[in-house]
């Protein structure tokens, strides 16, 4: 079985690390996001069936630089995450301005303000 | 310098059964740019993990998409099993592999029919779908459902296939192979079909990697990328080589899928032959805690299932990165420079599955 | 087939379904089930259609599309909700982005249960729709008759 | 490169006769495992409500006081999860699908047994 590594990094180091991985021949496989107390962004890269992930924790107010300059096709993932989670990803190459899915609920997956909101 | 026009394509379009909307920027008849606007099928079912517990969510996962329904269920179950450290019985692994390959077969036949419809070859469409019904019969006999099987469960599979059913599968595979050979001759050799597919929508190997293409789309451009090589389920015990073509046009993508049909038939035969006896499900106790990325090869390419659990009945997050989502940038790139009349054929050669993409 | 009196043309729209019902609707048109033997033709043009088949639980973005398609169809028209999602929202009824059922948007005449709805069930549903279509035609004619009578 | 390469297939199907099933005239024969609709053997039901709790869509309602078991056919997704969790195995999957309707279908099954009967079990 191929291995899975998750490296937690600081948001500032994202671009440099991504560029490094691209130079090593990695392919961007997915960008995932999980919201709990903050937003947890996971950038997964693949090379020869090994999965390598970069993880960063941000709050919805922190600006995260887009990696679409390095991997052009990241724009879809980033638009999705920004629209559904409310992460502040800036400088996306093809920007849909939160009109990718056009959901009725704004940032449905976003960080919950209070747990009580959910139970109604 | 011609006239620039923007033609809206979709969401309701006779060729595509699914709603997708594209704004095609045309320079006379040539497409200069395509801007997708999706969201017609966005249901937000990843959010349902908060309302359905991890056992019930299997049924939601199966309904992400009706074409590769089984593989979605399987991917979800595999990711939860990996988190919980559940080892599924060997027979279950083989049955999963068999059903997965049968799903790939029916999906490729479905796609063949739709492609034939897109270039206006009605009788070929009908024949492809006629052959496909044989596979649906196997599904109904072994699992009880034609489209959505509800057969995968965490810890194994819920239904077993008896020896009689396995024999029937082998005999159906024989007739299927003969019929497919006839049909695929038309796709690969007929001059009117080749006229529509050869040299259309070129995607070089470098571009395929740079645009993140997966599955048959990437393999048709010479990129050897097949998640089945990870050896999940029973794939580790079967012998096969990924199908790779190098031309990178619509014809190569057709050829990849057609060769995969024969490969799948072969894999199903291997599965039936090697099928071990034993239980098909193990009891699962407790709740998952942890996270895992599961990757598997769907008919349309690599799918990534990411599950994160917190030790309760409800998972924190399930994230599905579906193959069409990864293939859209490559589609937009190949659309540039083709004529308006070729757009449906080009869209179909990526084998789009919009309900997967938008979830 | 003497119980068929009109050749109904159907328009199929996927209102955010999982594809399961859509491919079963499509399977109805292909050799094994072949609804064309009843004169049913799947058309892409709403103006030609008598019966609107809706699959899926209809999400917010689809509401204007579905409404527009329905309004473009000529009277009398019948709406058939194919599958559990189109009937009640099914497993997706708790999702944030769906309205849960085609009847929240359009007047639905026939519900076809099933997840995914079997081709036989879809055929049954279209038969049912046909009967309703005829009834609607009759009432429309009666109405017209009385209106003309009142005018004299 | 060839033209008319589908001719062989066409000729074959011309002599083969129709592949079409004569559906409404001929009844559909289902397989043993076909999942069509849930049926209940109400006399075995103990109204424990496990099926109601496990049903992913909330189609089943069980009322212990009324001794009634109800299913909304237009909510049921035929996953057959209920038949698996039923402790008395009184639920089963029938091959026949529930027929199309013009409104919601709510099937109710009531147990006619008196409570004294229950004690015998």
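Data overview
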quantity: Residue check, residue C:69 under 13 Å from the mean Cα position of the chain (by Cα) and within 11 Å of chain B (Cβ to nearest Cβ); calculated: yes
quantity: Filtered residues of the range A:1-24 (kept if surrounded by fewer than 13 Cβ atoms within 10 Å (Cβ to Cβ), touching a strand residue (DSSP E or B) at 6+ places or on another chain (Cβ under 8 Å) and farther than 22 Å from residue B:322 by Cα); calculated: A:7, A:8, A:10, A:24
quantity: Among (1) modelled with pLDDT under 80; (2) within 18 Å of the chain's Cα centre (by Cα); (3) surrounded by 14 or more Cβ atoms within 10 Å (Cβ to Cβ), the one test that residue D:108 misses; calculated: (3)
quantity: All positions within the range A:27-44 that are away from chain B (no Cβ under 11 Å) and crowded, with 16+ Cβ neighbours inside 10 Å; calculated: A:39, A:41, A:43
quantity: Within the range D:51-69, considering residues that are in contact (Cβ under 8 Å) with a residue 12 or more places away in the chain, more than 18 Å from residue B:57 (Cα to Cα) and touching a strand residue (DSSP E or B) at 6+ places or on another chain (Cβ under 8 Å), the one surrounded by the fewest Cβ atoms within 10 Å (Cβ to Cβ); calculated: D:66
quantity: Qualifying position, being closer than 25 Å to residue C:89 by Cβ, at pLDDT 85 or above and out of contact with any strand residue (DSSP E or B) (no Cβ under 6 Å at 6 or more places or on another chain), among B:57, B:40; calculated: B:57
quantity: Which listed residue is touching a helix residue (DSSP H, G or I) at 6+ places or on another chain (Cβ under 6 Å), in a helix (DSSP H, G or I) and within 14 Å of chain C (Cβ to nearest Cβ), from B:66, B:73; calculated: B:73
quantity: The range B:190-206 residues that are facing chain D (nearest Cβ under 10 Å) and closer than 22 Å to residue D:4 by Cα, paired with ones that are modelled with pLDDT of 80 or more and assigned to a helix (DSSP H, G or I) (beta carbon under 6 Å, 6 or more apart); calculated: B:193/B:187
quantity: Of all residues making up the range D:53-75, the number that are more than 7 Å from every other protein chain (Cβ to nearest Cβ), in a loop (DSSP other than H, G, I, E, B) and more than 13 Å from residue D:109 (Cα to Cα); calculated: 4
quantity: Single residue of the range C:89-101 satisfying the filter (within 12 Å of chain D (Cβ to nearest Cβ) and closer than 17 Å to residue C:13 by Cα) that is surrounded by the fewest Cβ atoms within 10 Å (Cβ to Cβ); calculated: C:100
quantity: Which numbered condition residue B:214 fails, given (1) more than 14 Å from chain A (Cβ to nearest Cβ); (2) touching a strand residue (DSSP E or B) at 6+ places or on another chain (Cβ under 6 Å); (3) closer than 21 Å to residue A:29 by Cα; calculated: (1)
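To keep it simple, each residue is scored yes or no on (1) in contact with a helix residue (DSSP H, G or I) (Cβ under 6 Å, 6 or more places away or on another chain); (2) assigned to a helix (DSSP H, G or I); (3) modelled with pLDDT of 85 or more; (4) at the interface with another protein chain (Cβ under 7 Å from one of its Cβ atoms).
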position	(1), (2), (3), (4)
C:80	yes, no, yes, no
C:103	no, yes, no, no
C:111	yes, no, yes, yes
C:116	yes, no, no, yes
C:120	no, yes, yes, yes
C:125	no, yes, yes, yes
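For (1) more than 12 Å from every other protein chain (Cβ to nearest Cβ); (2) modelled with pLDDT of 80 or more; (3) not in a strand (DSSP E or B), each residue gets a yes or a no:
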position	(1), (2), (3)
B:291	no, yes, no
B:297	no, yes, no
B:303	no, yes, no
B:312	yes, yes, yes
B:319	no, yes, no
B:325	no, yes, yes
B:328	no, yes, yes
B:355	no, no, yes
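The values are calculated or read from the model by the stated rules, or taken from the named source; none is laboratory data. Everything numeric in this text was worked out from a predicted model, so none of it was measured. Neighbour counts are summed over all protein chains in view; Cβ atoms, including those assigned to glycine, are modelled from backbone coordinates with ideal geometry.
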